1. Quick one: which residues, 5+ away or cross-chain, put their amide H under 5 Å from the amide H of ALA183? H built at 1.01 Å from N.
2. How about segment 184-290: which GluC sites (Glu not before Pro) there are in a DSSP loop, with at most 13 other Cβ atoms within 10 Å of their Cβ?
3. Packing-wise, with mean Cβ within 10 Å as the measure, how do 261-269, 364-372 rank, highest first?
4. Please compute the net charge surrounding GLY210, taking Lys and Arg as +1 and Asp and Glu as -1 over other residues with Cβ under 13 Å from its Cβ.
5. Per-residue HN-Hα couplings for segment 387-398, Karplus 6.51 cos²θ - 1.76 cosθ + 1.60 at θ = phi - 60°, whole Hz, x for Gly and Pro?
6. Once amide H atoms are placed 1.01 Å from N in the peptide plane, what residues at a sequence separation of 5 or more from VAL221, or on another chain, have their amide H within under 5 Å of its amide H?
7. Could you put HIS163, HIS409 in order of accessible surface area, largest first, with the 1.4 Å probe and the full protein assembly present?
8. What distance in nm separates the simple spin-label points at ALA113 and VAL217, each placed 7 Å from Cα in the Cβ direction?
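The values are calculated or read from the model by the stated rules, or taken from the named source; none is laboratory data. Keep in mind that what you see is a predicted model, and the values were worked out from it rather than measured. Cβ: placed from backbone, ideal geometry, glycine included. Neighbour counts: every protein chain shown. Surface accessibility is based on the protein's heavy atoms, side chains included, excluding ligands, DNA and RNA. Shrake-Rupley method; radii C 1.70, N 1.55, O 1.52, S 1.80 Å.
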Amino acid sequence: MYNEENHTYHYGGDNSLPKDDYQPQRAAQQETPHYQQPVYSYETPKPAPKKERKGLKIAALVLACALISGACGFGGALLARNVSFGKATIQHSDRTVAEVEIQKVDGKNLMTAAEVYASTVNSVVSINVSAMSTNIFGQKVESASSGSGFIITADGFIVTNYHVVEGASSISVTLYNGDTYAAELVGGDSDYDLAVLKVQGKDLTPVVLGDSTKVNVGDTVLAIGNPLGELTFSQSQGGVSSANRAINVDGTPFNMIQVDASINPGNSGGPLMNLYGEVIGIVSAKYSSYADTVVEGLGFAIPISDVQAIITDIMENGQVTNKPYLAITGGTMTEQMAAQYQIDLTEGVFVYSVEKNGAGYNAGLRLGDVITKMGDKEIASMEDLTAAKKGYKAGDTVEVTYYRDGEYHTTQLTFDEQPVMSGTQQEEPSNQQGGNEQYGQYPYYGGQYGNGFDMFDFYDYFFGRN
């Protein structure tokens, strides 16, 4: 009811309800004086009996214990059956996950990608290289690079790419188990982009070599290596895009296995494997861009069957022996050279010099000749000549076609064995201007620079002096 003197409201109305359940009610149609706002007062409900509170606490405690005790049992059971949370149902698998087993690599067991990795990763190594160089100020500076490789014998021979260790002042290799060894460069060859290292280890796990001639387009392949120099022992998977792709890497032609497995800097030198765990290639190069177009999904590996004998040769002799040698220097023919020397050819290999009593000299090649064919291979550039030579060894005889004085001639050439050269020397330079590291800055002249002709021979050839 309303108390006019105090202008307050009190509970009233239905007295049959308990006092705790009363609701405040305003006096019917009673206006509040304009000079003072009404003040509401409520009676505080009495607290519930302690007996009821204790029951709630016991229920909460039981629920908490159930949740805690079910954290392992009930939580684990979620994996084995579907569990409903309100109206939502989460489905869980009850499959037992099998552990990956290490398989024996013997060419008989077809494996999953996970099994190939588990069975071969201990044969892969991460390679870290330090190299000293001189900057433009004449100061010695040290640089570092990384690559990959694989163990080929239990006593510590390791195969990698030549470009991974070229110019190295120190080399270290790290195994999957974390063991690190100082490595010695046994030998290498830039023409094949191969190098062999040796560490003082024993009972190491070597790879098993497969037959790369049996590779088919579409075969699944795996590459294990050290991408970016820090993501060690990563495995990428893809398929063979081409089983016999001819590409040019820094002026050197290679016959490659093309794959679409992810290949990145640092993968070079690592193994390319099939699903039997056999090494079928040596990861060597990646085209990351072409002109202004970004290219992805192109990786390359050297077929292992093409270089297995070369690897053994380096292991035993420290170099590639019986390597075919033409005993000439030459360069790719160009339109400018054709106009300058009045030659009716713009393709082929121009002979700059011939070593006296060497293979080319004995076959009748002379300064100014243009080699156009070797065996059944057409020769349009130095890259073609270098690629054609790889199919022969010292002592082999091949028919060579060359152009001289407006006519084509053929001759039988027997290859010499290439002599041991320093790292800066090379036979037949590949640049189109005829630059020649072997004979310094005088690529056109013989004599003391070309070992076959002197400057007067050069004059005689082009100006006709007898």
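1. Hits under the 5 Å cutoff: ILE171, SER172, VAL173.
2. GLU230
3. My ranking of the peptides, most packed first, is 261-269, 364-372.
4. Here the count lands on -3.
5. Values, residue by residue: 5, 5, 5, 5, x, 10, 10, 4, x, 6, 10, 9 Hz.
6. The list, which skips near neighbours in sequence, is GLY238, GLY239, VAL240.
7. Correct descending sequence by accessible area is HIS163, HIS409.
8. Each label point is offset 7 Å from its Cα along the Cβ direction, giving 2.2 nm.
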